[in-house]
Amino acid sequence: MSLKINKKIMTKIYTLLLFVFISILSFSQTEEIKTYYENGQLNEEFTLVDGWKEGIYKSYYENGQLYSKGKYRDGIKIGLWKIYFDNGKLFKEINWIDELENMGWKEGIYREYDYNGILLVEGNYIDGKRDGIWKYYWKSNGKLKRTTKYKDGDEIRY
């Protein structure tokens with residue numbers, strides 16, 4: 001007899017859990033967003049989940065060229081983001097950490113390029129601050145101009 005009661009209770013629990021799960025899914029709202037310039041050209045495209053940007057984000061110049069590409073999680077930039085010039089050449093690479101207490105701090109390698117694709121700046125971020133050796137290059141020829149050492153965002157001078 002107790003085995004039948006346990007089966008009935010377990011069936012009710014499973015049914016209740018299934019109902020709760022389906023209810024949660026039905027209240028979650030996902031919306032694909034595309035915005036456009038006045039000329040009809042795509043401006044940006046992204047997904048909203050419960051009002052927060054989520055997943056791949058892309059934005060474009062008015063001429064249709066890709067401006068930026070990266071990811072969001074719960075409305076916060078995460079991972080590697082790439083920013084481009086209007087000629088399609090890479091301008092910046094920035095890595096974002098997604099920990100909530102950091103609120104989207106830069107973390108890891110950072111690179112910045114000129115309009116012709118020549119590397120201008122290369123360094124590392126830790127906890128949103130410059131850290132370690134940063135290299136700066138001449139715009140005219142891409143050769144190393146100087147290096148600067150940072151610790152916790154402050155330049156270290158000798």
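Which one of these is surrounded by fewer than 17 Cβ atoms within 10 Å (Cβ to Cβ), touching a Lys or Arg at 6+ places or on another chain (Cβ under 6 Å), under 30 Å from residue 41 (Cα atoms) and modelled with pLDDT of 90 or more: 64, 117, 88?
117
Just one of the numbered conditions (1) in contact (Cβ under 8 Å) with a residue 24 or more places away in the chain; (2) within 19 Å of residue 153 (Cα to Cα); (3) in contact with a Leu (Cβ under 7 Å, 6 or more places away or on another chain) is not true of residue 112; which one?
With respect to (1) in contact (Cβ under 8 Å) with a residue 24 or more places away in the chain; (2) within 19 Å of residue 153 (Cα to Cα); (3) in contact with a Leu (Cβ under 7 Å, 6 or more places away or on another chain), residue 112 is out only on (1).
Residues that are under 14 Å from the mean Cα position of the chain (by Cα): list the strands (runs of 3 or more DSSP E) wholly contained in segment 69-139 that include at least 2 such residues.
Ranges flagged: 76-84, 90-96, 106-113.
Check residue 56 against each of (1) β-branched (Val, Ile, Thr); (2) more than 29 Å from residue 29 (Cβ to Cβ); (3) at pLDDT 95 or above and name the one condition it does not meet.
(2)
For the subset of segment 131-147 comprising residues that are surrounded by 15 or more Cβ atoms within 10 Å (Cβ to Cβ) and modelled with pLDDT of 95 or more, which member is farthest from residue 92 (Cα to Cα)?
131
Could you check residue 154 against (1) acidic (Asp, Glu); (2) over 11 Å from the mean Cα position of the chain (by Cα); (3) loosely packed, with under 15 Cβ neighbours inside 10 Å; (4) within 25 Å of residue 34 (Cα to Cα) and say which number it fails?
Against the list (1) acidic (Asp, Glu); (2) over 11 Å from the mean Cα position of the chain (by Cα); (3) loosely packed, with under 15 Cβ neighbours inside 10 Å; (4) within 25 Å of residue 34 (Cα to Cα), residue 154 comes up short only on (4).
Taking the criterion of being within 19 Å of residue 73 (Cβ to Cβ) and among the β-branched types (Val, Ile, Thr), would at least one residue in segment 94-112 satisfy it?
Yes, segment 94-112 contains at least one residue that is within 19 Å of residue 73 (Cβ to Cβ) and among the β-branched types (Val, Ile, Thr).
Could you list, in sequence order, all residues of segment 142-158 that are touching a residue at least 12 places away in the same chain (Cβ under 8 Å) and part of a loop (DSSP other than H, G, I, E, B)?
Within segment 142-158, 142, 152, 153 qualify.
Does residue 131 fit the bill of being touching a helix residue (DSSP H, G or I) at 6+ places or on another chain (Cβ under 9 Å) and more than 28 Å from residue 33 (Cβ to Cβ)?
no
The values are calculated or read from the model by the stated rules, or taken from the named source; none is laboratory data. Every value quoted in this text rests on a predicted model; they were computed, and no experiment measured them. Neighbour counts run over all protein chains shown; Cβ positions are idealised from the backbone, glycine included.
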